[in-house]
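What follows is a set of notes on a single structure, which appears directly below.
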Amino acid sequence: MKPPINLLLERRILIIDGAMGTMIQEYQLEEEDYRAERFRDFHKDLKGNNDLLSITQPHIIKAIHQAYVDAGADILETNTFSGTSIAQEDYDLSELAYELNFASAKIAAEVAIAATKANPDKPRYVAGAMGPTNKTASISPDVNNPGFRGVSFDELKDAYYEQAEGLMDGGADLLLIETIFDTLNAKAALYAIDELFTAKGRELPVMVSGTITDASGRTLSGQTAEAFYISVSHLPLLSVGLNCALGAEEMRPHLSDLSDIADCFVSAYPNAGLPNEFGEYDQGPDEMKDYIREFASSGLVNLIGGCCGYGIKEMKHMIETVNMQK
């Protein structure tokens, strides 16, 4: 039995794990690795569909979760960033959405349960990751037709419902709506989660994490951090925060804005700096420590982790830095 996570958050900063994609890249997987035997003759290329690895290479996903646990992470995010039927349309695998989420949550839960049993004083939690999908409800994908939408609110809601159900059934302790660039997408996810909780007769804590896309300080759909929070605060949230797109330095002022108005816990898991011209992240662990130390010491955040470019080395440095502030 694990204590409610909010009780731990009242006592200390909790550590969210680092990037799943960054760790998967280290395995240098090829097309046949993604396919395995089950999808050996599938009609589309599957390389890059990282969520599928929870079915075709579960030992790799489990090893990544275990590495983050061994590094000291308190919260493991499931391998489900693109786990909606909408996102899986790119691979003609929409019908696998529930299975992908169930399998991913089950793998993470196995690691978290074993780690908690081994050290009950440091319980580990599984956050069911719900990414933004590759479609937006607020912006037209056709510059010549501004009124057109590639997806409807109801389609998003149904896709998120299926994803959340798979995550809950697989053993997630929390639900994390993350990397939100369009608040309307997030509201569809929250609506779906609310419906699911009612149908199941039980609830999980819900985390929401948005993305400030550039120096304008706004999401892609045009909201400031404060407007974003107000738009999603109609449901009781465990936490609100920011992730991806920006490094810690660039994220700091927007986190401050959130921290000033949020009546829930605040999370942050930035990228390892901004990507260079080759799409790589140059901010090393030592440089990152300075920013994380300031986040922790200033009381801005209650949960902290890493997004793109963060692996085990960065995670260890982060935990060391946060522990120094206790």
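The values are calculated or read from the model by the stated rules, or taken from the named source; none is laboratory data. This structure is a prediction, so every number in the text was calculated from the model and none was measured. Note that each Cβ is placed from the backbone with ideal geometry, even for glycine, and that neighbours are counted across all protein chains shown.
Side notes on the structure shown:
- Residue satisfying condition, being of a type outside the set (Lys, Arg), in contact with a Ser or Thr (Cβ under 7 Å, 6 or more places away or on another chain) and either modelled with pLDDT under 95 or surrounded by fewer than 22 Cβ atoms within 10 Å (Cβ to Cβ) (or both), within set THR224, THR213: THR213
- Tally, over the range 138-169, of residues that are closer than 14 Å to ALA87 by Cα, within 20 Å of the chain's Cα centre (by Cα) and of a type in the set (A, V, I, L, M, F, W, C): 2
- Considering the conditions (1) surrounded by fewer than 20 Cβ atoms within 10 Å (Cβ to Cβ); (2) in contact with a strand residue (DSSP E or B) (Cβ under 7 Å, 6 or more places away or on another chain), GLY131 is excluded by exactly one of them, (1).
- Where a residue in the range 211-235 is of a type in the set (D, E, K, R) and its partner, wherever it lies, is at pLDDT 85 or above and part of a loop (DSSP other than H, G, I, E, B), with Cβ under 8 Å and at least six apart: ARG218/ILE212
- Wholly enclosed strands (runs of 3 or more DSSP E) of the range 107-220 bearing at least 3 residues within 22 Å of HIS59 (Cα to Cα): 125-130
- Residues located in the range 221-260, provided they are assigned to a loop (DSSP other than H, G, I, E, B) and closer than 17 Å to LEU176 by Cα: SER233, HIS234, LEU235, PRO236, LEU237, LEU238
- The test for being surrounded by 24 or more Cβ atoms within 10 Å (Cβ to Cβ) and modelled with pLDDT of 85 or more holds for ALA268.
- Residues within the range 76-102 that are touching a strand residue (DSSP E or B) at 6+ places or on another chain (Cβ under 8 Å) and surrounded by 24 or more Cβ atoms within 10 Å (Cβ to Cβ), tallied: 8
- Note on the range 67-84: residues that are within 17 Å of the chain's Cα centre (by Cα) and either more than 17 Å from TYR269 (Cβ to Cβ) or without any contact (Cβ under 8 Å) to a residue 60 or more places away in the chain (or both) total 6.
- Residues of the range 115-169 that turn out to be closer than 25 Å to LEU238 by Cβ and among the basic types (Lys, Arg), as a count: 4
- Within the range 53-74, at least one residue is surrounded by 21 or more Cβ atoms within 10 Å (Cβ to Cβ), at negative phi and in a loop (DSSP other than H, G, I, E, B).
- Selection within the range 139-157 - without any contact (Cβ under 8 Å) to a residue 60 or more places away in the chain and of a type outside the set (Gly, Ala, Ser): PRO141, ASP142, VAL143, ASN144, ASN145, PRO146, PHE148, ARG149, PHE153, ASP154, LYS157
- Verdict on ALA118 being surrounded by 21 or more Cβ atoms within 10 Å (Cβ to Cβ) and either closer than 20 Å to ALA71 by Cα or in contact with a Gly (Cβ under 9 Å, 6 or more places away or on another chain) (or both): no
- Among residues of the range 23-46, those that are touching a residue at least 60 places away in the same chain (Cβ under 8 Å) and assigned to a loop (DSSP other than H, G, I, E, B), counted: 1
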